[in-house]
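Read through the structure below, which is laid out as structure tokens, and then see the notes.
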Amino acid sequence: SADVVTVEGSDGATLTAFVDGIAAPADLVVFGTGHDVGPVVELAERTDFRVTVVGFRGAVDLDERFPEAHRTVTTSPGTVDEVLDIDERTHAVVMTHNFVDDRLAVETLLRSPAPYVGLMGPHERFDEMLEAFDDEGTTFTEAELESLYTPVGIDLGGGSPYQIAHSIVAEALAVCNDRTPGHLRRRDGAI
């Protein structure tokens, strides 16, 4: 928010300055290295997210595969919270397509302050994760589950990689901007 600040110097002179703070871009962390990750990274970067791609296998040159990414990280699912600073401005999409890796990443993310955790896959996939968590004695509060969006994305009706990426990035952007997605023609007042 903009503000006017007056500062008095040691000599009695005053300086009045207009201060307009600019927040750093929100972070979007994408877990996965498959070819469906590229469109998400590209669109998220173009919509002012600062994108980090996290890979769990060292076989892929992440910098080469995802040149649009702000940062790439190769780690193991169990050390995500050690290598990433996940805060209330971090949004995450989990799309490794590996059940165990996804489950470990989701557990870490749900315990974090991240407001958005998108998980690729059908409802049944997360139900299987919940069963696996329950078998281990791991439970989540309603507040922790509040940040989970699965299946990830807004229903735009498309199925191509870029159409899916648009639905994912649009959902993350809506959460980031504290909006509920809807048609602007149905919105009263200024947009």
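The values are calculated or read from the model by the stated rules, or taken from the named source; none is laboratory data. Predicted, not measured: the structure shown is a model, and the values here were computed from it. Every residue, glycine as well, gets a Cβ built from its backbone with ideal geometry; the counts of neighbours run over all protein chains shown. With ligands, DNA and RNA removed, areas are computed over all heavy atoms of the protein, side chains included. Shrake-Rupley method; radii C 1.70, N 1.55, O 1.52, S 1.80 Å.
Things to note:
- Residues in the stretch 112-127 that are more than 9 Å from Thr150 (Cβ to Cβ) and surrounded by 14 or more Cβ atoms within 10 Å (Cβ to Cβ): 4 in all.
- If you go through the stretch 37-61 and keep only what is more than 19 Å from His166 (Cα to Cα) and surrounded by 13 or more Cβ atoms within 10 Å (Cβ to Cβ), you end up with Val54, Gly55, Phe56, Val60.
- Cross-chain or 6+ apart pairs with Cβ under 6 Å, the stretch 136-162 first and among the hydrophobic types (A, V, I, L, M, F, W, C), then open to solvent by 70 Å² or more (accessible area, probe 1.4 Å): Ile154/Pro181
- Odd one out for Ser112, checked against (1) over 18 Å from Asp27 (Cα atoms); (2) assigned to a loop (DSSP other than H, G, I, E, B): (1)
- The set of residues in the stretch 99-111 that are under 20 Å from Gly34 (Cβ atoms) and surrounded by fewer than 17 Cβ atoms within 10 Å (Cβ to Cβ) comprises Phe99, Val100.
- From the list Glu64, Glu88, the one residue that fits, being within 30 Å of Asp178 (Cβ to Cβ), open to solvent by 30 Å² or more (accessible area, probe 1.4 Å) and either outside any strand (DSSP E or B) or touching a His at 6+ places or on another chain (Cβ under 9 Å) (or both), is Glu88.
- Residue check for Ala69: of a type in the set (Gly, Ala, Ser), open to solvent by less than 70 Å² (accessible area, probe 1.4 Å) and either on the phi > 0 side of the Ramachandran plot or not in a helix (DSSP H, G or I) (or both): yes
- Restricting attention to the stretch 133-191, the residues that are open to solvent by 50 Å² or more (accessible area, probe 1.4 Å) and assigned to a loop (DSSP other than H, G, I, E, B) add up to 21.
- Leu28 meets all of the listed conditions (1) surrounded by fewer than 23 Cβ atoms within 10 Å (Cβ to Cβ); (2) of a type in the set (A, V, I, L, M, F, W, C); (3) not in a helix (DSSP H, G or I) but one, namely (1).
- Members of the stretch 84-108 found to be closer than 21 Å to Glu45 by Cα, out of contact with any Asp or Glu (no Cβ under 7 Å at 6 or more places or on another chain) and not small (Gly, Ala, Ser), listed by number: Leu84, Asp85, Ile86, Asp87, Glu88, Val93
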